[in-house]
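The values are calculated or read from the model by the stated rules, or taken from the named source; none is laboratory data. Values in this document were obtained by computation on a predicted structure and should not be read as measured data. Methodologically, a virtual Cβ is constructed for each residue, glycine included, from the backbone with ideal geometry; neighbour enumeration extends over all protein chains shown.
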Amino acid sequence: MATSIKEDADAQVTFEDQQKINKFARSNAKLRDIKEELKAKKKEIENLEFAEEELMMQDSDDAPIPYQVGEVFVSLDSDETTSMLEKAKEATKLGMEELEKQAAEHKKTLQDLKVQLYAKFGTNINLEEEDDS
């Protein structure tokens, strides 16, 4: 994120302006972190769905299925494992919903600060994302 101000005689940066710029940078960093967490949660849901599919294709319903709880594996039957996978998927989806709410709040904050800062500094400030490619 480029948050830079070009030196210009008519663009004085006050303490309040610097506070807004700092808040913008913090919110932007937090939004990037939330996006990464959302990406990880989506991958987790894909893995849980894959595990459910594999469980359905299992030949024997009698064989105990190892299921990881924390750092420990427990042996469960097919129905218990299916239930645990559903609960894990639901918990992950709830976590994603909460992260999406937080992302929306940060986006609103960023948009408000952009309006305020661009109104004061115009083209003397750059608040746009830089391409990392």
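Any chance region 25-44 includes a residue that's in contact (Cβ under 8 Å) with a residue 40 or more places away in the chain, of a type in the set (Gly, Ala, Ser) and either touching a helix residue (DSSP H, G or I) at 6+ places or on another chain (Cβ under 6 Å) or over 30 Å from Gln111 (Cα atoms) (or both)? Yes. Listed by first and then second residue, the pairs with beta-carbon distance under 8 Å, at least 6 apart or on different chains, first residue in region 47-72 and over 15 Å from Ala88 (Cβ atoms) and in contact (Cβ under 8 Å) with a residue 12 or more places away in the chain, second surrounded by 12 or more Cβ atoms within 10 Å (Cβ to Cβ) and β-branched (Val, Ile, Thr), are Gln58/Ile65. Candidates are the residues of region 108-133 that are in a helix (DSSP H, G or I) and among the hydroxyl-bearing types (Ser, Thr, Tyr); the one that is modelled with the lowest pLDDT is Thr123.
Number of residues in region 69-86 that are surrounded by fewer than 14 Cβ atoms within 10 Å (Cβ to Cβ) and either touching an Asp or Glu at 6+ places or on another chain (Cβ under 7 Å) or not in a strand (DSSP E or B) (or both) equals 6. Is it the case that some residue within region 94-107 is part of a strand (DSSP E or B), on the phi < 0 side of the Ramachandran plot and aliphatic (A, V, I, L, M)? Taking every residue of region 94-107 in turn, none turns out to be part of a strand (DSSP E or B), on the phi < 0 side of the Ramachandran plot and aliphatic (A, V, I, L, M).
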